[in-house]
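Worksheet: the structure to be examined is printed underneath.
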Amino acid sequence: MDLRSEQLADGVEKISLVGRMDSIGGHDINVRLAELVATRKTLAVVDLSEVSFLASIGIRTLVVNARAQSSHGGVMALANPQPLVAEVLKLAGIDTIIPVYPDVDTACSALMAAAEGR
C-alpha cells in the first residue's frame, strides 16, 4: 500500500492511496494517514481511485481518521472509489459517516463549501 499527498487549491490536501487496504496494506497506511489527517485541522480528500480492495481494517482506518479529523475541526471526504470499493463502502454504511464523491474535484468543492459554512 502506498500513500501520496499533495496540496490542492484553497488548502485542500489530496491523499492518494494505492494498493489493497487489507490486513497488510491497512496496517502499513494507518500511521501515515493518521500523521496527515488525525493530528491537525485540514480539509482532506482521500482519493481511492487506485485502491483495488478494501477490507474491514481499511474501513476502520478511514473511519478512525475521519473522526479524528472532525474532532480537530477539519473534514475528510472520500473520492473516486473503484466499483468494488464503492460497494463495500455502501454495504458497510461508511458513506453515511464519511462523504463519498465520484471524483476529486467534486469532493474538493464540497469540502470548501462545508468549511465556509462552519
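The chain gives an Rg/Rh value of 0.92, both radii derived from C-alpha positions and Rh following Kirkwood. Using the Cβ-Cβ distance between residue 91 and residue 27 with R0 set to 25 Å, the FRET efficiency from 1/(1 + (r/R0)^6) comes to roughly 0.65. Backbone geometry of segment 24-29 corresponds, through the Karplus equation with coefficients 6.51, -1.76 and 1.60 at θ = phi - 60°, to 3J(HN,Hα) couplings of 7, x, x, 5, 4, 8 Hz, x marking Gly and Pro. Summarising the amide proton neighbourhood of residue 22: residues at separation of 5 or more, or on other chains, whose placed amide H is nearer than 5 Å comprise 55.
Scanning residues 5 or more positions from residue 50 or on other chains, those with amide H under 5 Å from its amide H are 17, with H placed 1.01 Å from N in the peptide plane.
The helix-based estimate of mean residue ellipticity at 222 nm for the chain, built from -39,500 (n - 2.57) per DSSP H run of four or more residues and divided by its residue count, is -14500 deg cm²/dmol to the nearest 500. Across segment 93-104, rounded Karplus estimates of 3J(HN,Hα) from the backbone phi angles (6.51 cos²θ - 1.76 cosθ + 1.60, θ = phi - 60°) give x, 5, 5, 8, 9, 10, x, 10, 10, x, 7, 5 Hz, Gly and Pro being marked x. Each residue of segment 43-50 is assigned a 3J(HN,Hα), and the resulting list reads 9, 10, 10, 9, 7, 9, 4, 10 Hz, derived from the Karplus form 6.51 cos²θ - 1.76 cosθ + 1.60 (θ = phi - 60°), x at Gly and Pro.
At an R0 of 25 angstrom, the distance between the Cβ atoms of residue 5 and residue 60 translates into a FRET efficiency of 0.75. Residues whose amide H falls under 5 Å from that of residue 101, counting only those 5 or more places apart or on a different chain, are 78, 79, 80, with hydrogens built in the peptide plane. Once the Cα atoms are used to define both axes, helix 56-71 deviates from the longest principal axis of the chain by about 20 degrees. When both bridge partners sit in segment 1-86, DSSP labels roughly 30% of those beta bridges antiparallel.
Read-outs throughout are calculated quantities, based only on the coordinates presented, and are distinct from any laboratory measurement. This structure is a prediction, so every number in the text was calculated from the model and none was measured. For neighbour counting, all protein chains shown are included, and Cβ atoms are generated from backbone atoms with ideal geometry for every residue, glycine included.
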